[in-house]
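K.L.:
My structure is below; once you've seen it, I'll send some questions.
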Amino acid sequence: MLRTRMRLVGFIMLAAVLSAAVAAAQTAPTPATPAATETPATPATPTAQAPPAAPETESRPAYPYTGYVNADPVNIRSGPGLYYYPLAAVGKNAAVVVEGETEGWLAVRPPEGVYGLLKRSDVTMGTDGTTATVSASGARVYASSPSAKRCWSVMNTLQPGDTVKVLGPAEGDLVRIAPPEGARVYVSAQYVTAGATPSAGTAAKPIEPAKVDPLVEEYKKADAALGEELAKAVPERNYEPSLAAFKAIAEKADRAFLKRAALERIAYLEALQEQQKDYTKMAELGERLDERLAELQAQRVTAQAEAERERRTAKAPFLATGVVAPMESLEGLDYPIKYKLVDDKGHPVVVLKSTTYNLADYVGKAVGVRGMQTYLKDWRIYLVTVDDLEVLE
């Protein structure tokens, strides 16, 4: 009975607690929505008001404008970057005409001393030699100068009918011209101040000429010595001193163009040495042929009278027919056999010599020959000593 009463009291107390909790919940205010999730109100239409002023930018002069170099010396290059080769050096306060800018490099008109190079095949020279007319489409004008070591950068392109001023010939097939209208070279923008005239009493400082590279001077001396050697007869030439000089230059040179030039000279000299060896072999062969020809001369003297008589009485059949051509391998050599007969395919038929005819007068002509025929064992071909020659139609 007591246990039942205690349970009843517990239920009554629990019901009272729950009723109080429900009443408190009904009277408490509803919590506000967090600010982070509030939907912003639609802003009112603004009244007429001037927009905020843009930040002021540094004013730049309109192209073209005159600028002045602010350092000493400064390179004028063939293109907008250090990769491009220098054309000239200008001193502080030197004026340049700026035509544009790209990635920190100013495009300027070519200064004095800079010129262009055009392929000779792209122009038609004027009668006076001072002007030329472009005949090729998109003819490239390459930037160059007396101090430039290369000439691959294009300063402008020209079209057929454009006229250029010719300054003189250059190496190879290039013609030197004055920079045409629109030609541009480049200088770093950091070294040019726009419109800042030199201060009073300040003159442009002259640029000292670049120091002479001793290896370049050695190359020039070696080249001059090689020229003297080449002026000698082939058997008298000694290529070893020149070869040693150019090898020393190639080993010491740290400038790519100089090393390449020295290596080209070395290859040229090695080829000349091989040619000299071939010449010596041919000379020895010539001596043996001379000995053999001396033996044959006696036979020729005894047979000459008979051959002459036969020629007068009746024409004997030709020993050989073909086109007279020079012996390319013996050109420039003092050797009695200088000509040959070739067939219509250019193959040698016989080799020729004659004291009666000047065979040089018949080069390129089809002829028939008579005379004495001798087999040259070393050459594996017949030699015809021409006593009679007729041009064939």
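The values are calculated or read from the model by the stated rules, or taken from the named source; none is laboratory data. Small disclaimer: the values here were computed from a predicted structure and weren't measured. Note: ideal-geometry Cβ built from the backbone for every residue, glycine included; neighbour counts use all protein chains shown.
K.L.:
Tell me which residues, restricted to segment 171-184, are in contact with a Phe, Trp or Tyr (Cβ under 9 Å, 6 or more places away or on another chain) and farther than 13 Å from Asp122 by Cβ.
P.N.:
Arg176, Ala178, Pro179
K.L.:
Let me ask another. Mind listing just one residue for me: the one in segment 264-282 that is of a type in the set (Ser, Thr, Tyr) and at pLDDT below 90 and, of those, surrounded by the fewest Cβ atoms within 10 Å (Cβ to Cβ)?
P.N.:
Among those that are of a type in the set (Ser, Thr, Tyr) and at pLDDT below 90, it is Thr280.
K.L.:
Okay, next question. Among the residues of segment 70-85, what is the count of those that are closer than 22 Å to Arg176 by Cα and β-branched (Val, Ile, Thr)?
P.N.:
Just the residues of segment 70-85 that are closer than 22 Å to Arg176 by Cα, to begin with: 75-79, 84-85.
Add one more test, that the residue is β-branched (Val, Ile, Thr), and what stays is 76.
Number satisfying all stated conditions: 1.
K.L.:
Would you be able to tell me the number of residues in segment 86-116 that are within 22 Å of the chain's Cα centre (by Cα) and closer than 16 Å to Ala183 by Cβ?
P.N.:
Qualifying residue count, segment 86-116: 7.
K.L.:
Answer with yes or no whether Gly129 is modelled with pLDDT of 90 or more, at positive phi and of a type outside the set (Ser, Thr, Tyr).
P.N.:
It is false that Gly129 is modelled with pLDDT of 90 or more, at positive phi and of a type outside the set (Ser, Thr, Tyr).
K.L.:
Here's a follow-up. Can you name the residue in segment 359-383 that is surrounded by 12 or more Cβ atoms within 10 Å (Cβ to Cβ) and over 50 Å from the mean Cα position of the chain (by Cα) and is also nearest to Leu289 (Cα to Cα) among such residues?
P.N.:
By that ranking, first place goes to Thr374.
K.L.:
Could we say that Ala261 is at pLDDT below 90, surrounded by 13 or more Cβ atoms within 10 Å (Cβ to Cβ) and in a helix (DSSP H, G or I) here?
P.N.:
No; evaluated as a whole, the condition is false for this residue.
K.L.:
Could you count how many residues in segment 338-353 are outside any strand (DSSP E or B) and touching a strand residue (DSSP E or B) at 6+ places or on another chain (Cβ under 7 Å)?
P.N.:
To start, the set of residues in segment 338-353 that are outside any strand (DSSP E or B) comprises 338, 343-347.
Among the residues that remain, those that are also touching a strand residue (DSSP E or B) at 6+ places or on another chain (Cβ under 7 Å) are: 338, 343.
Final tally of qualifying residues: 2.
K.L.:
Please name all residue pairs, on different chains or six or more residues apart, with Cβ atoms under 6 Å, provided the first residue is in segment 224-236 and is within 13 Å of Phe246 (Cβ to Cβ) and the second residue is exposed (fewer than 10 other Cβ atoms within 10 Å of the Cβ).
P.N.:
So the pair list comes out empty.
Condition check ((1) in contact with a Gly (Cβ under 8 Å, 6 or more places away or on another chain); (2) within 12 Å of Asp387 (Cα to Cα); (3) not in a strand (DSSP E or B)) across all residues:
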{"residue": "Leu285", "(1), (2), (3)": "no, no, yes"}
{"residue": "Asp290", "(1), (2), (3)": "no, no, yes"}
{"residue": "Ala294", "(1), (2), (3)": "no, no, yes"}
{"residue": "Gln297", "(1), (2), (3)": "no, no, yes"}
{"residue": "Thr321", "(1), (2), (3)": "yes, no, no"}
{"residue": "Val324", "(1), (2), (3)": "yes, no, no"}
{"residue": "Pro336", "(1), (2), (3)": "no, no, yes"}
{"residue": "Thr355", "(1), (2), (3)": "no, yes, yes"}
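K.L.:
Restricting to segment 233-243, and then to whatever is surrounded by 13 or more Cβ atoms within 10 Å (Cβ to Cβ) and of a type outside the set (S, T, N, Q), can you tell me which residue is nearest to Tyr219 (Cα to Cα)?
P.N.:
Ranking the candidates gives Leu243 first.
K.L.:
A further question follows. Kindly evaluate Leu383 against the criterion of being of a type in the set (A, V, I, L, M), under 30 Å from Asn238 (Cα atoms), in contact (Cβ under 8 Å) with a residue 12 or more places away in the chain and outside any helix (DSSP H, G or I).
P.N.:
In short, no.
K.L.:
Here's a follow-up. Please state which of the following conditions Gly100 fails to meet, knowing it meets all the rest: (1) crowded, with 17+ Cβ neighbours inside 10 Å; (2) not in a loop (DSSP other than H, G, I, E, B).
P.N.:
Result: Gly100 passes all but (1).
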